[in-house]
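Below is one structure, written out as structure tokens, with a few remarks after it.
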Amino acid sequence: MKSLSLVFMAGLLMACTSAPQSVNYYSLSQASASMDGAGKTDAEALIVLSRPQLADYLRQSFLVMQTGPHQLHFARQHVWAQNLASSIEQVLVQHLNHTMDNTAVLTTSDPRAPQVPSRLQVEIEHLLPSADGHVNLKARYWFTGPDGQTQAHSFNHQLPLNDAGYAHAVQQMHSALTKLAEAMAKVVQPQD
């Protein structure tokens, strides 16, 4: 019993004296991009984007990599700088507002949101790099128009990882989300 206590104490002391590992923080949104619906005063139509719903494994701060068909790795030294749902919302709102000329996309925190009948809802099933060298984004989204009719859509997109590291993977995740925003814009404002 005494030797077990000594081994435990030695392990505890070693853990306290080891050098701390640095933590890297990542953001999906770009600091320079600030196009939200509040700045589009000439918009003919308003749409509210609800906060994206995330799969359970995405609702934590660690970046996740798929290492096998049924295995995920949570990178404890690589974390999101802000809530992932908030970041995804920012990317989608910025890109939708940049893409659509006569429509302003608002978040639910906008004071005008309760009076806007048109809604976009998004559910992110997968948003992660994989060991096979791709970033995978799988989502479903729903658009409810001013007439109250709801259209459901699926989105599944892969982008290659051309460089190593989480920074490049996050950049590709951002690109995949802009592709999702482009698909959503085509539903909201179909081209004649």
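Just so you know, all these numbers are worked out from the coordinates, no wet-lab data involved. Being a predicted model, the structure only gives us computed values, none of them experimental. Here Cβ is always computed from backbone atoms with ideal geometry, including for glycine, and neighbour counts include all displayed protein chains.
For a Förster distance of 35 Å, can you work out the FRET efficiency between the beta-carbons of VAL23 and THR144, rounded to the nearest 0.05? Write out the running numbers ahead of the final one.
Details: r = 40 Å, r/R0 = 1.15.
With R0 = 35 Å, the Cβ-Cβ based efficiency is 0.30.
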Can you list the residues, at least 5 places off or on another chain, whose amide H is less than 5 Å from the amide H of GLN60, using H built in the peptide plane?
-> none
Around THR108 (Cβ within 11 Å, Cβ-to-Cβ, excluding THR108; K/R +1, D/E -1) the net charge comes to +1
Net charge (Lys, Arg +1; Asp, Glu -1) of residues whose beta-carbon lies under 15 Å from that of HIS126, HIS126 excluded, is 0
For HIS157 and HIS73, calculate 0.36 nm times their separation in residues minus their Cα-Cα distance, and state this gained length in nm to one decimal.
-> 28.2 nm
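Report, in cubic angstrom per residue, the convex hull volume of the C-alpha atoms of segment 89-192.
Working: hull volume 12.0 nm³, N = 104.
With only Cα atoms used, segment 89-192 gives 116 Å³ per residue.
Once the mean 1/r over all distinct Cα pairs of segment 62-118 is inverted, what Kirkwood radius in angstroms do you read off? The partial results should precede the final answer.
Working: mean 1/r = 0.0705 Å⁻¹.
With all distinct Cα pairs of segment 62-118 included, I get 14.2 Å.
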